Protein chains: 2
Amino acid sequence: MVAYYRKKDRFFIAVDCIIFGFEEGELKLLLIKRNFDPAKGKWSLMGGFLSENETLDLAAKRILDNLTGLSKIYMEQLFGFSQPDRDPGERVISVAYYALIRINEFDNKLIEQHGAEWISVKEIPELIFDHNQMVQNAINKLQWNTRYKPIGFELLPEKFTIPELQALYEAIQQKSYDRRNFSKKILSMGFINRLEEKQKGFSKKGAYFYKFDKQKYDELSEKGFDFKL
Amino acid sequence: MVAYYRKKDRFFIAVDCIIFGFEEGELKLLLIKRNFDPAKGKWSLMGGFLSENETLDLAAKRILDNLTGLSKIYMEQLFGFSQPDRDPGERVISVAYYALIRINEFDNKLIEQHGAEWISVKEIPELIFDHNQMVQNAINKLQWNTRYKPIGFELLPEKFTIPELQALYEAIQQKSYDRRNFSKKILSMGFINRLEEKQKGFSKKGAYFYKFDKQKYDELSEKGFDFKL
DNA sequence: CCAAAAGTGTTGACCGTACACCCATGA
DNA sequence: TCATGGGTGTACGGTCAACACTTTTGG
């Protein structure tokens, strides 16, 4: 049986992670300034190589865990990039993943060790290889997905206010919504629950905190979801 | 520089193609009965291995061309499958592609040579490895895509009638639409043009032929497209 | 002349959109 | 007390969904 495979080529397989976070009203990416070759000193995505006995998903999880110390992260396979010259060092096929992170929940020391920084999607520098293309691809997918799945919540703390949620959606979709319509729409969907507690400090009146209700969402999610607004 | 890669593992990379066609009101898949090992005699998707100096897209094109003799095919990368034991013979990472074909436009001899057959998506047999999962994945993506992009037209001949188009959409989405609303909706989008010619033979009255107008579509496509009906 | 398939029109319900008013509170 | 941000309500227009009538023509 093995004979069948003998004359085929083998390849390095990399996994590169586009890591999104949300902070101060800005959608941000976690990028690293490489302190290793190749392309030392340049900006890039966090990545690594697939190992034997590891799925792509696990490789992505491992890479994310290394960098952030977080293990329960929303993560999705994006696309396989395969231009023969995409990595000038060697032929490497890269599978991009994108991940959504709650910025404040994790270990800043690890990030510093890796020379990583949160950078606004509005100010993305030139990245190595085809990483800029990967990022653009990820942003498109994120925009698309937030319209049809409630994954946006993965970027917010457990308790959030409606104005915060709106700011997140505006940062992702890069457009602004009417405050009243946004609130009406999101509430009518019925899968966020208002808490007693109000947010203090930011505004005078204070906004109610809400929690995402995954169970209610799952009940409703079969008929689909369109956040066109 | 090469030192960096030295201790990493290398992998076989396969490309498997989920090939859709539309015939006699049925959405069909092109499957092959393997006349080679491993898994000789079982049903599977058409696939092949990635070679040096070849992108994944090109590998998929090559495989499709081998099987169908067609080179201009709508094709899209689907997903990378990487379970370590997915192929019992060797560790193989597979990137699935799905393709849309006009069934009557191509070479039946090639298909027979490969032991391939068109099989309705309603009667998909057990396939090798994780190919059933790939197929399900492709069907989901096809359903999703036909709702937001006019790719359905890739499955019809150049000239088609509205009832044919409706039958296609019903086969893909696995539900039925109201004839009048379907026609109204599709016409209101404005990217199909009616021809003078009418279809003869099938119905007494005869239905007008239409052509897909890619240019008009491109003009409109920026604001998005939702075929929820 | 009738049956079968195709073309076109009408209506009510719902949803997206635009817009206005009131409330709570820290400064 | 007033400026700022937050919560809620209304009214219009367009689109989806349900439904009926007319047209064409092969048998």
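The values are calculated or read from the model by the stated rules, or taken from the named source; none is laboratory data. In this text the structure is predicted, and so the values were computed from the model without any measurement. Note that we place each Cβ from the backbone using ideal geometry, even for glycine, and neighbour counts take in every protein chain shown. Side chains are part of the model used for accessible areas, which takes the heavy atoms of the whole protein and leaves out ligands, DNA and RNA. Shrake-Rupley method; radii C 1.70, N 1.55, O 1.52, S 1.80 Å.
Considering segment B:190-200 alone, what residues qualify as being more than 8 Å from DNA strand D (Cβ to nearest atom) and closer than 19 Å to B:Glu24 by Cα?
Of all residues in segment B:190-200, those more than 8 Å from DNA strand D (Cβ to nearest atom) come to B:190-197, B:199.
Answer for segment B:190-200, where residues must be more than 8 Å from DNA strand D (Cβ to nearest atom) and closer than 19 Å to B:Glu24 by Cα: just B:Gln199.
State whether one or more residues within segment A:67-76 are within 14 Å of another protein chain (Cβ to nearest Cβ) and on the phi > 0 side of the Ramachandran plot. Step through it out loud before you land on a result.
So the first thing to find is which residues in segment A:67-76 are within 14 Å of another protein chain (Cβ to nearest Cβ), and the list is A:75-76.
Remaining after also requiring on the phi > 0 side of the Ramachandran plot: none.
So far as segment A:67-76 goes, no, none of its residues is within 14 Å of another protein chain (Cβ to nearest Cβ) and on the phi > 0 side of the Ramachandran plot.
Hey, A:Asp213 hits all of (1) within 12 Å of DNA strand D (Cβ to nearest atom); (2) within 29 Å of B:Gln143 (Cβ to Cβ); (3) under 23 Å from the mean Cα position of the chain (by Cα); (4) free of Cβ contacts under 8 Å to residues at least 60 places away in the same chain but one; which does it fall short on?
The single condition A:Asp213 does not satisfy is (1).
Return the pairs, sorted by first residue and then second, in which the second residue is within 12 Å of DNA strand D (Cβ to nearest atom), the first residue lies in segment B:167-191 and is away from chain A (no Cβ under 14 Å), the beta carbons are less than 6 Å apart, and the residues are 6+ apart or on different chains.
From segment B:167-191, the pairs are B:Glu170/B:Ser176; B:Tyr177/B:Leu229; B:Lys185/B:Leu229.
Given the conditions (1) in a strand (DSSP E or B); (2) away from chain B (no Cβ under 14 Å); (3) under 30 Å from A:Arg10 (Cα atoms); (4) open to solvent by 20 Å² or more (accessible area, probe 1.4 Å), which single one is not true for A:Ala99?
(4) is the only condition that A:Ala99 fails.
Determine if segment B:13-21 includes at least one residue that is farther than 22 Å from B:Val121 by Cβ and within 14 Å of chain A (Cβ to nearest Cβ).
First, the residues of segment B:13-21 that are farther than 22 Å from B:Val121 by Cβ: B:13-14.
Cutting the leftovers down to within 14 Å of chain A (Cβ to nearest Cβ) gives us B:13-14.
Yes, because at least one residue in segment B:13-21 is farther than 22 Å from B:Val121 by Cβ and within 14 Å of chain A (Cβ to nearest Cβ).
So if I check each of B:Thr146, B:Thr161, which one is within 16 Å of DNA strand D (Cβ to nearest atom), surrounded by 14 or more Cβ atoms within 10 Å (Cβ to Cβ) and touching a residue at least 60 places away in the same chain (Cβ under 8 Å)?
Numbers: B:Thr161 fails: touching a residue at least 60 places away in the same chain (Cβ under 8 Å).
Result of the check over B:Thr146, B:Thr161: B:Thr146.
Which one is farthest from B:Leu50 (Cα to Cα) among residues in segment A:44-66 that are more than 14 Å from chain B (Cβ to nearest Cβ) and open to solvent by less than 40 Å² (accessible area, probe 1.4 Å)? If you could, list the steps in order and put the result at the bottom.
Step one: of segment A:44-66, the residues more than 14 Å from chain B (Cβ to nearest Cβ) are A:45-46, A:64-66.
From the residues that got through so far, the ones that are open to solvent by less than 40 Å² (accessible area, probe 1.4 Å) too are A:45-46, A:64.
Details: A:Leu45: 25, A:Met46: 25, A:Leu64: 28 Å.
Among them, the one singled out is A:Leu64.
Pull up segment A:164-188, narrow it to residues that are under 20 Å from A:Lys216 (Cα atoms) and open to solvent by 30 Å² or more (accessible area, probe 1.4 Å), then point me to the one that is farthest from DNA strand C (Cβ to nearest atom).
Only one residue tops the list, namely A:Leu187.
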